[in-house]
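*Asks:* Shown below is the structure under consideration.
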């Protein structure tokens, strides 16, 4: 068996884009997500269209026994990996005090715990005969505290910090870690509505998932630490870094509150 | 041309028939006595369309089936469903297949199969559906496959390096390409069937039509542009007349003219007439649909050029 690229969250909008991009480059894949039907359909389609091997196995990354079972499955099949793309992540947007305690637990379990365990586990199964590439999907939200996305932006900041540090640790073994920090992406009808509600700013910061996936992989192959798609987003990040975080949080809070009000109006 | 004489009693399958050009065509053909099998994504829209047609016709023969054409699995299920319905009838056949379903999406969206949405709905679904229904089309004395294309296929080429336009998606280019693919498909289908076949394929250019296509998968600027542009479009019933002509005019059964607008032949783009491009696209599409084309009884697999 050829070494595989593992993609978590493979049946989501961004996950599919990465899966398609990797398959189009002739790479064999291992896909995981919660839904078996979606995975099986995608795997069959990619295999047929691009002539690559695509293995899939469902896993609930918020659940440790499910994660253990996933690794057992991989070990039983003697799988070896040449890359890992951690996409699985979620957000429950809105005021923190309005969340349920299950939602609060899930954000850290998936965005942080799930990511760490996958990275740890797949590194153990890496193909030592070639460079190993990790892509962690963080977010532009990693750079500043975001009211109404407080847990999400904090979890992405965790990922970004961790990835940059891990990149240094893994240098001697020829492995690289690239953090993708996009703005909003039009992945679902809900996301598209969210982008529309942000008006002009939403439109100019949004990049298509195909563009993001292709460019991220190119950056990962070069071993870059961070990739921010889109020149506008790069500028935003730069300007944001000149302003104290507390001030940024305040400005972002105003903007997001406006966007939420607009979305409520659109939904009525 | 007397539509009524030529259309009455014919079985016609129409995709995208809950609104726009597809609905107008279904209504027109039902009024003239055709048996209509309509297809739409939404249960409520299908019911509304069916009710509307029933209340407008003296003796309506219409049934709607729900299918989301962005999923190849659903396209296959739809075909199986239609084959079962018509297979149970004594002389079950399809006289006309009208691929009228079309979409326009502002953003690059992947379908469940990992294909770009416009490519999947506007082109790949007709490709697979036509294949799966070909055995029934062959049973008709004068079978027709009509695919709604567009004048936007001119001045376009297929981007072979990135056929889904993943990396540099441009919604208009994606639309133009999908409509070009429809013409290439129509040309190649006719080449493979042969000019004297009982099944003939045509591409219909409806011109600019006032429909909701620009509002359904779009945001912001695209919506605003369509809102203005569509005002100078014709009513869908005009396009329906043209498609009705292509469905039943006997004299064109072996016509060399493949591309039609307003009931008159029109020269399609030079690129769309290229046999090498059409063949290349066909082979790619077969690979994409391979899982669903395994049935030896399905249409394309028993053509001589295979």
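The values are calculated or read from the model by the stated rules, or taken from the named source; none is laboratory data. Being a predicted model, the structure only gives us computed values, none of them experimental. Positions of Cβ are generated from backbone atoms using ideal geometry, with glycine treated the same way; all protein chains shown enter the neighbour counts.
*Asks:* Out of the stretch B:61-91, which residues are more than 14 Å from chain A (Cβ to nearest Cβ), out of contact with any strand residue (DSSP E or B) (no Cβ under 8 Å at 6 or more places or on another chain) and not in a helix (DSSP H, G or I)?
*Replies:* Passing the criteria: B:88, B:89, B:90, B:91.
*Asks:* Among the residues of the stretch A:98-112, which ones are within 21 Å of the chain's Cα centre (by Cα) and surrounded by 16 or more Cβ atoms within 10 Å (Cβ to Cβ)?
*Replies:* Selection gives A:106, A:107, A:109, A:110, A:111, A:112.
*Asks:* Quick check on my filter: what residues within the stretch B:151-174 are in contact (Cβ under 8 Å) with a residue 40 or more places away in the chain, more than 14 Å from every other protein chain (Cβ to nearest Cβ) and surrounded by fewer than 23 Cβ atoms within 10 Å (Cβ to Cβ)?
*Replies:* Once the filter is applied, which keeps residues that are in contact (Cβ under 8 Å) with a residue 40 or more places away in the chain, more than 14 Å from every other protein chain (Cβ to nearest Cβ) and surrounded by fewer than 23 Cβ atoms within 10 Å (Cβ to Cβ), the stretch B:151-174 yields B:151, B:154, B:155, B:156, B:157, B:158.
*Asks:* Among the residues of the stretch B:95-114, are any more than 14 Å from chain A (Cβ to nearest Cβ) and assigned to a helix (DSSP H, G or I)?
*Replies:* Checking the stretch B:95-114: not a single residue is more than 14 Å from chain A (Cβ to nearest Cβ) and assigned to a helix (DSSP H, G or I).
*Asks:* Residue A:102 fails exactly one of the following numbered conditions: (1) away from chain B (no Cβ under 14 Å); (2) assigned to a loop (DSSP other than H, G, I, E, B). What is the number of that condition?
*Replies:* Going through (1) away from chain B (no Cβ under 14 Å); (2) assigned to a loop (DSSP other than H, G, I, E, B) one by one, residue A:102 breaks only (2).
*Asks:* Related question: Out of (1) more than 14 Å from every other protein chain (Cβ to nearest Cβ); (2) out of contact with any helix residue (DSSP H, G or I) (no Cβ under 9 Å at 6 or more places or on another chain); (3) surrounded by 15 or more Cβ atoms within 10 Å (Cβ to Cβ), the odd one out for residue A:78 is which?
*Replies:* Here residue A:78 clears every test but (3).
*Asks:* Quick test of your reading of the structure: residue A:205 fulfils all but one of (1) over 18 Å from the mean Cα position of the chain (by Cα); (2) within 20 Å of residue A:258 (Cα to Cα). Name the failing condition by number.
*Replies:* Exception for residue A:205: condition (1).
*Asks:* From the list B:68, B:113, B:51, B:95, which residue is surrounded by fewer than 17 Cβ atoms within 10 Å (Cβ to Cβ) and at pLDDT 95 or above?
*Replies:* None of the others qualify; the one that does is B:51.
Residue-wise test of (1) more than 14 Å from every other protein chain (Cβ to nearest Cβ); (2) touching a strand residue (DSSP E or B) at 6+ places or on another chain (Cβ under 8 Å).
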residue	(1), (2)
B:215	no, no
B:218	no, yes
B:221	no, no
B:226	yes, no
B:234	yes, yes
B:237	yes, no
B:240	yes, no
B:246	yes, yes
B:250	yes, no
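*Asks:* For the stretch B:198-213, what are the residues that are part of a loop (DSSP other than H, G, I, E, B), in contact with a strand residue (DSSP E or B) (Cβ under 9 Å, 6 or more places away or on another chain) and more than 13 Å from residue B:100 (Cβ to Cβ)?
*Replies:* Of everything in the stretch B:198-213, those that are part of a loop (DSSP other than H, G, I, E, B), in contact with a strand residue (DSSP E or B) (Cβ under 9 Å, 6 or more places away or on another chain) and more than 13 Å from residue B:100 (Cβ to Cβ) turn out to be B:198, B:207, B:208, B:210.
Residue by residue, here is whether (1) closer than 21 Å to residue A:35 by Cα; (2) in a helix (DSSP H, G or I); (3) at pLDDT 95 or above holds:
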position	(1), (2), (3)
A:74	yes, yes, yes
A:82	no, no, yes
A:92	yes, no, no
A:109	yes, yes, yes
A:112	yes, yes, yes
A:115	yes, yes, yes
A:120	no, yes, yes
A:123	no, yes, yes
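*Asks:* When you go through (1) away from chain B (no Cβ under 14 Å); (2) in a loop (DSSP other than H, G, I, E, B); (3) more than 23 Å from residue A:186 (Cα to Cα) one by one for residue A:88, which number turns out not to apply?
*Replies:* Residue A:88 satisfies all of (1) away from chain B (no Cβ under 14 Å); (2) in a loop (DSSP other than H, G, I, E, B); (3) more than 23 Å from residue A:186 (Cα to Cα) except (3).
*Asks:* Any idea which residue in the stretch B:267-281 is nearest to the other protein chains (Cβ to nearest Cβ), counting only those that are in contact with a helix residue (DSSP H, G or I) (Cβ under 9 Å, 6 or more places away or on another chain) and surrounded by fewer than 19 Cβ atoms within 10 Å (Cβ to Cβ)?
*Replies:* The qualifying residue nearest to the other protein chains (Cβ to nearest Cβ) is B:280.
*Asks:* Scan the stretch A:28-60 for residues that are part of a loop (DSSP other than H, G, I, E, B), more than 17 Å from the chain's Cα centre (by Cα) and within 14 Å of chain B (Cβ to nearest Cβ) and jot them down.
*Replies:* A:35, A:51, A:52
*Asks:* On to the next question. Residues that are within 14 Å of chain A (Cβ to nearest Cβ), modelled with pLDDT of 95 or more and either under 24 Å from residue A:184 (Cβ atoms) or assigned to a helix (DSSP H, G or I) (or both): does the stretch B:134-149 have at least one?
*Replies:* no
*Asks:* Out of the residues in the stretch A:11-27 that are more than 10 Å from chain B (Cβ to nearest Cβ) and crowded, with 21+ Cβ neighbours inside 10 Å, which is farthest from residue A:206 (Cα to Cα)?
*Replies:* Going through the qualifying residues, I end up with A:22.
*Asks:* Can you pull out the residues in the stretch A:28-49 that are surrounded by fewer than 21 Cβ atoms within 10 Å (Cβ to Cβ) and touching a helix residue (DSSP H, G or I) at 6+ places or on another chain (Cβ under 6 Å)?
*Replies:* Across the stretch A:28-49, the qualifying residues are A:44, A:48.
*Asks:* Restrict the check to the stretch B:11-19 and report whether at least one residue is free of Cβ contacts under 8 Å to residues at least 12 places away in the same chain and either farther than 20 Å from residue B:199 by Cα or crowded, with 23+ Cβ neighbours inside 10 Å (or both).
*Replies:* Scanning the stretch B:11-19, I find no residue that is free of Cβ contacts under 8 Å to residues at least 12 places away in the same chain and either farther than 20 Å from residue B:199 by Cα or crowded, with 23+ Cβ neighbours inside 10 Å (or both), so the answer is no.
*Asks:* Separate question: Would you list the helices (runs of 4 or more DSSP H) that sit entirely within the stretch A:169-268 and hold 2 or more residues that are modelled with pLDDT of 95 or more and in contact with a helix residue (DSSP H, G or I) (Cβ under 7 Å, 6 or more places away or on another chain)?
*Replies:* A:209-221
*Asks:* Would you call residue A:83 over 20 Å from residue B:109 (Cβ atoms) and within 14 Å of chain B (Cβ to nearest Cβ)?
*Replies:* Answer is no for this residue.
*Asks:* Please verify whether residue A:4 is more than 14 Å from chain B (Cβ to nearest Cβ), farther than 30 Å from residue B:124 by Cα and touching a strand residue (DSSP E or B) at 6+ places or on another chain (Cβ under 7 Å), treating the condition exactly as stated.
*Replies:* no
*Asks:* Which of the residues spanning the stretch B:29-49 are assigned to a helix (DSSP H, G or I) and farther than 19 Å from residue B:212 by Cβ?
*Replies:* Scanning the stretch B:29-49 gives B:29, B:30, B:31.
*Asks:* Quick check on my filter: what residues within the stretch A:194-214 are facing chain B (nearest Cβ under 9 Å) and within 18 Å of residue A:235 (Cα to Cα)?
*Replies:* Correct list: A:200, A:202, A:203, A:206.
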